[in-house]
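**Student:** There's a structure below that I have some questions on.
Quick note: the coordinates plus some simple rules give every number you see, no bench work behind them. Remember, it's a predicted structure, so these values are computed and weren't measured experimentally. Note that we place each Cβ from the backbone using ideal geometry, even for glycine, and neighbour counts take in every protein chain shown.
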Amino acid sequence: MSQSKLFSPLICRYCGNDLVGDNLSIGFFCFNCRKVFIFKKELKELECVIFKSVVEDKKTEFYLPFYLLKGEFEIFTKEEFKKYAFKKARNFEYVFIPAFFFLKSIYSENLTFKLSLNYEKINEDENIRNDVVLPIFLKPVGLERIAIFYYLLYLDKFADITGVKVNFVIRNLKMSLIPAAREDGVKELIFGTKLIGL
Amino acid sequence: MINVKGLKCPSCSSPIKLPYTSRVINCDYCNKRLFFEKEDFVLKFYLEEKKTVDFKDLIEKAISQKFVAESVKKEAILVKRKKRAIPFYLISGKRGGILTDCEEFLNHKRKTIYTLGQLDLAIEPQKIEKNFEKNSRVILSDFNYVYEAVSDIMDYQSLDRMRENIKNRLDGLKSLSEISREDVEIILPVIPIENIIKKGVDTQLLKGGNIEILEINIYLVYYPVEEFIFFYNKGYFKIVVDLVEGDICYGLIPAERKWFTFLSLFVSAFSGFFIGRFLRTVFGGVSITDIFSGFTIIATFFSYALFFSSLLFSALLYFSFVLMRANYAVEITKNGSSIRRLGDVGVPFLKKFLDFLLNLMGVDKNIL
């Protein structure tokens, strides 16, 4: 790596605003352009979707960053009863994958399912905010594989997934910010889920 | 390889320092925030300290332990006090897979029942906590593992507790850049990072099923301790205070010698008395004339008895001499205090007897 590429100025390439982010993060936000810049070998720009808090009387203190994957899952199984059982499963059009690691998996997993299965019920926030965002630690690599495991986890509720193969192709990759507040622990402010482990 | 001297700010071309703790640095000249893009850069964290620690009380408790030399309290002089940060690798990531059966081994907890000085053999068999996945065979979870990045810095039990503390206090981590390097001595990691990655991945993959590692990140977490070095009787001893828990984590304090002198005298007196009594019983009814009057078999038996008794007596006398000559210290760990022999005694088989005797003398499980 040449020396000129070792350092990148944390300035938005479109509006020139300073990028917002923790010193430990690998991703930085421009709230003006609603973009996130992720440094991983080559700079990756992602559109950033900020979701609106629906739980009232709570002050948003920070955002939880999730990769928002849009794509199509394909299920391959030779057993007819499994095909029939999987038809009952709801369409998993969007997948939310946590981009942070201090939250214990079980809670982020529950939140992933809640958000992914109720995507149509959650709304984007029109206002521009400058709230604190939890540092992004997860690089945007191997997300397809993680999404497949999430989907298998979901399908396993309908039938045994032994011998079942799932394919997933990402059509669109964005960064999403889920509002959260610290009040008697940590509470996510879209569905009011209490989170432990932060 | 980076040429550290030639680093320049991409905005103003002024020289900048190589980032050490976090990826983001500020250019001293144009004050622009810069992101350090090197792939293998390791983030460095510092575990938050407990706010109030009563050092005086802790040190007094440590030097008031059983078998600690009484004069330590009066004569020991504090010569150095230094805050140090011990490095640990934190391996964090995501793993996923499909289990062959509905059982997942989550934790392998090892509990030590009691400390036996250097022998330290009394370890409870591994307790395996099983998490039964009743409805699902799919595993998708985060994992956090902690390994020490230096060796021979502290005893095993204290390091074990420190590892647990890091895992349980991930929310108490802050960037090392917030810590003043003048106040804290940062110990550099010695164990190669490649070994740690391999160890972490192997541990994860060994847990059964077709588990695969989906994401792996390595961080360095520095654990704060405060070292107190005392001068006593032409030598030095050390007490280390854990600043996260706010208690003693390690100490090696000179032991009271009079106990070992008494014990040595007791062993030699007992051996002399016992062997004397034995010989008196054997030779009580036999005179020299009897032995030399032609009874060859009896004569041979008595001479062997005499020879082996003398051998045993000399061995016990030598053992009591070793017992008196060896150096001892009271070792304080997070699990309690025990007596530890310092240095080599010269004769390998005597080590075991000596350590056995030390273990009998006293172990205090709950000192703090």
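**Student:** DSSP loop GluC sites (Glu not before Pro) in the stretch A:124-198 with at most 10 other Cβ atoms within 10 Å of their Cβ, which ones?
**Tutor:** Those that pass, being in a loop and sparsely packed, are A:Glu126.
**Student:** If you build the convex hull over the alpha carbons only and average its shadow over all orientations, what do you get for the stretch B:5-57? Give it in nm² to one decimal.
**Tutor:** Result: 6.2 nm².
**Student:** What ³J(HN,Hα) values, in whole Hz, does the Karplus curve 6.51 cos²θ - 1.76 cosθ + 1.60 give for the stretch B:13-25 when θ = phi - 60°, with x put for Gly and Pro?
**Tutor:** Running phi through 6.51 cos²θ - 1.76 cosθ + 1.60 with θ = phi - 60° gives 6, 7, x, 10, 8, 5, x, 10, 9, 10, 6, 9, 10 Hz.
**Student:** Within a 10 angstrom radius of each residue's Cβ in B:210-217, how many Cβ atoms of other chains show up on average? Whole number is fine.
**Tutor:** For this peptide, the per-residue mean of nearby foreign Cβ atoms is 3.
**Student:** Would you mind working out the magnitude of the charge dipole of the stretch A:10-164 relative to its Cα centre, with +1 at each Lys and Arg C-beta and -1 at each Asp and Glu C-beta, to the nearest 20 Debye?
**Tutor:** Dipole of the stretch A:10-164, to the nearest 20 debye: 280 debye.
**Student:** Per-residue mean of other chain beta-carbon atoms within 10 angstrom of the beta-carbon, peptide A:22-31?
**Tutor:** For peptide A:22-31, the averaged partner shielding equals 4.
**Student:** How do the peptides B:186-192, B:76-82, A:29-35 rank, highest first, by the average count of neighbouring beta carbon atoms within 10 Å per residue?
**Tutor:** The packing order, highest mean first, is A:29-35, B:186-192, B:76-82.
**Student:** Quick one: of the DSSP bridges fully inside chain A, what percent are antiparallel, nearest 5?
**Tutor:** For chain A, the DSSP antiparallel bridge percentage is about 90.
**Student:** Let me see the pair-distance distribution of the stretch B:181-266: every alpha carbon pair, 10 Å bin width, integer percents in order.
**Tutor:** 12, 23, 24, 20, 14, 7, 1
**Student:** In what order do B:Met324, B:Met162 fall by count of nearby beta-carbon atoms within 10 Å, going from fewest to most?
**Tutor:** Neighbour counts put them in this order, fewest first: B:Met324, B:Met162.
**Student:** Kindly provide the GluC sites (Glu not before Pro) of the stretch A:12-108 that DSSP labels as loop, not H, G, I, E or B, and whose Cβ sees at most 12 other Cβ atoms within 10 Å.
**Tutor:** Here the GluC sites (Glu not before Pro) that fit, given the DSSP loop and packing criteria, are A:Glu56.
**Student:** Among A:Val164, A:Val55, which comes first, then next, by fewest other beta-carbon atoms within 10 Å?
**Tutor:** Listed from fewest to most nearby Cβ atoms, that is A:Val55, A:Val164.
**Student:** Counting other Cβ atoms within 10 Å, which GluC sites (Glu not before Pro) in the stretch B:1-95 have at most 16 and lie in a DSSP loop?
**Tutor:** When the GluC sites (Glu not before Pro) of the stretch B:1-95 are filtered for loop state and at most 16 Cβ neighbours within 10 Å, B:Glu39, B:Glu48, B:Glu70 remain.
**Student:** Tell me, what does the Kirkwood hydrodynamic radius of chain A come to in angstroms if you use every pair of distinct C-alpha atoms?
**Tutor:** Radius from the Kirkwood sum: 18.1 Å.
**Student:** Using each residue's phi in the stretch B:61-70, evaluate 6.51 cos²θ - 1.76 cosθ + 1.60 at θ = phi - 60° and report the 3J(HN,Hα) Karplus result to the nearest Hz, with x for Gly and Pro.
**Tutor:** Ordered by residue, 3J(HN,Hα) equals 5, 5, 7, 9, 5, 4, 6, 6, 4, 4 Hz.
**Student:** Given q = 0.20, 0.23, 0.25, 0.28 Å⁻¹, what are the Debye log10 I(q)/I(0) values for the stretch A:134-198, with equal point scatterers placed on the Cα positions and solvent ignored?
**Tutor:** -1.01, -1.05, -1.07, -1.13
**Student:** Can you work out ³J(HN,Hα) from phi for every residue in the stretch A:116-124, in order, using Karplus 6.51 cos²θ - 1.76 cosθ + 1.60 and θ = phi - 60°, giving whole Hz and x for Gly and Pro?
**Tutor:** With the stated coefficients, the stretch A:116-124 comes to 5, 7, 10, 4, 5, 8, 9, 10, 6 Hz.
**Student:** When only C-alpha pairs under 8 Å and at least 6 residues apart count, what is the relative contact order of chain A, in percent?
**Tutor:** Computed value for chain A: 32 percent relative contact order.
**Student:** Which entries of B:Lys83/B:Lys258; B:Lys17/B:Lys44; B:Lys238/B:Lys352; A:Lys87/B:Lys94 have Cα-Cα distances beyond 23 Å here?
**Tutor:** B:Lys83/B:Lys258; B:Lys238/B:Lys352; A:Lys87/B:Lys94
**Student:** Under a 10 Å cutoff between Cα atoms, tell me which one of A:Lys83, A:Lys41, A:Lys114 has the largest fluctuation in the Gaussian network model of chain A.
**Tutor:** Per the Cα network of chain A with a 10 Å cutoff, A:Lys41 tops the list.
**Student:** For B:Lys66, A:Lys88, which order do you get if you count the other beta carbons within 10 Å of each Cβ and list the fewest first?
**Tutor:** In order of increasing Cβ crowding within 10 Å: A:Lys88, B:Lys66.
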